[in-house]
1. Only one of these conditions is not met by L82: (1) touching a helix residue (DSSP H, G or I) at 6+ places or on another chain (Cβ under 8 Å); (2) open to solvent by 10 Å² or more (accessible area, probe 1.4 Å); (3) at pLDDT 95 or above; (4) not basic (K, R). Which number is it?
2. Can you pull out the residues in the range 161-192 that are of a type in the set (S, T, N, Q) and assigned to a loop (DSSP other than H, G, I, E, B)?
3. What pairs can you find where one residue is in the range 65-91 and closer than 15 Å to P217 by Cα, the other is surrounded by 15 or more Cβ atoms within 10 Å (Cβ to Cβ) and acidic (D, E), and their Cβ atoms are less than 7 Å apart, with a gap of 6+ or different chains?
4. Here's a check for you: in the range 102-160, which residue that is open to solvent by less than 50 Å² (accessible area, probe 1.4 Å), of a type in the set (S, T, Y) and not in a loop (DSSP other than H, G, I, E, B) is farthest from K187 (Cα to Cα)?
5. Any residue at all in the range 72-83 that is farther than 14 Å from R175 by Cα, out of contact with any strand residue (DSSP E or B) (no Cβ under 6 Å at 6 or more places or on another chain) and assigned to a helix (DSSP H, G or I)?
6. What's the total number of residues in the range 29-42 that are in a loop (DSSP other than H, G, I, E, B) and surrounded by fewer than 13 Cβ atoms within 10 Å (Cβ to Cβ)?
7. Across the range 128-156, what is the total count of residues that are of a type in the set (D, E), touching a residue at least 40 places away in the same chain (Cβ under 8 Å) and touching an Asp or Glu at 6+ places or on another chain (Cβ under 8 Å)?
8. Considering only the range 197-220, how many residues are farther than 12 Å from N177 by Cα, touching a Lys or Arg at 6+ places or on another chain (Cβ under 7 Å) and not aliphatic (A, V, I, L, M)?
Amino acid sequence: MTPSTAERPQMPIEDFEELAAAAPEHVRLEFVDGRVRTKDPLSVEDFEELEHRAPETVRLEYVNGKLEVKAMPDGKHRAIYLWLVRQFLLHRPDLDLAPESGVKAEAYRKGRARTDAALAPVDHFIDDGEWSETDGILMALEITSRDSDTNQRDLIDKPLGYAAADIPVYLLIDRDNCTVVVYSEPKDGRYRQSPSCPWGATVELPPPVSITLDTEPLKKYAF
């Protein structure tokens, strides 16, 4: 993680003040060392109410029992996502790579993770609300962001949450290390496979995704 990433707060103080003002009366928030915290334990129901009231500039998640703030995507983040969309349109036109999909993750669906994208059959999400069940989702996608929590969130908490929810594949595009990590074979709340490949390698996404990615174009999106 670069120094600029480590020093970056989760959100501007102005956004925190707006979020705190909009929070339900019994949800007490604090802003310490640039990070948002709850003063009391937060239930998933309280999280959903807080997220519903949050300003449009703030994207919230509830991962591993913690309130998390997901960074807004920058230009290279969006470019990587669009590159992946083109790959799936070419190789798997029967699937949608739906952006910023909220999913009910973790054991017993007690987590609320906002994926950078979720892969599923075309129109799979058509009747869903803000948070979708993971049944039928073939792959979760995360692209690391330049924020202080990206390593903990995307490399530690998200693999556990997605595996516990039995999402078959978790694809992580790690911009700090210029690697592609493919998590697969979830069992007992863990992914049994997680090979890491440098950008430029040929990467096999296992069933049920079943495509091959030539990741050479990712090199132009390095920090």
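The values are calculated or read from the model by the stated rules, or taken from the named source; none is laboratory data. Here the structure is a predicted model, which is why all the values come from computation and not from measurement. Here the Cβ is made from the backbone with ideal geometry for all residues, glycine too, and neighbour counts use every protein chain on show. Accessible surface areas use protein heavy atoms only, side chains included; no ligands, DNA or RNA. Shrake-Rupley method; radii C 1.70, N 1.55, O 1.52, S 1.80 Å.
1. Of everything listed in (1) touching a helix residue (DSSP H, G or I) at 6+ places or on another chain (Cβ under 8 Å); (2) open to solvent by 10 Å² or more (accessible area, probe 1.4 Å); (3) at pLDDT 95 or above; (4) not basic (K, R), L82 misses just condition (1).
2. Pass one, the range 161-192, residues of a type in the set (S, T, N, Q): 177, 179, 184.
Result: N177, single match.
3. What qualifies is Y81/D116.
4. Among residues in the range 102-160 that are open to solvent by less than 50 Å² (accessible area, probe 1.4 Å), of a type in the set (S, T, Y) and not in a loop (DSSP other than H, G, I, E, B), the one farthest from K187 (Cα to Cα) is T150.
5. Kept after step one, since they are farther than 14 Å from R175 by Cα, are these residues of the range 72-83: 72, 82-83.
Among the residues that remain, those that are also out of contact with any strand residue (DSSP E or B) (no Cβ under 6 Å at 6 or more places or on another chain) are: 72, 82-83.
Retained after the next criterion (residues that are assigned to a helix (DSSP H, G or I)): 82-83.
Yes, the range 72-83 contains at least one residue that is farther than 14 Å from R175 by Cα, out of contact with any strand residue (DSSP E or B) (no Cβ under 6 Å at 6 or more places or on another chain) and assigned to a helix (DSSP H, G or I).
6. Final tally of qualifying residues: 4.
7. So the first thing to find is which residues in the range 128-156 are of a type in the set (D, E), and the list is 128, 130, 133, 135, 142, 147, 149, 154.
In the following step, the residues that additionally are touching a residue at least 40 places away in the same chain (Cβ under 8 Å) were identified as 130, 147, 149.
Checking which are touching an Asp or Glu at 6+ places or on another chain (Cβ under 8 Å) leaves us with 130, 149.
Residues meeting the conditions: 2.
8. Going through the range 197-220 one residue at a time, the tally reaches 1.
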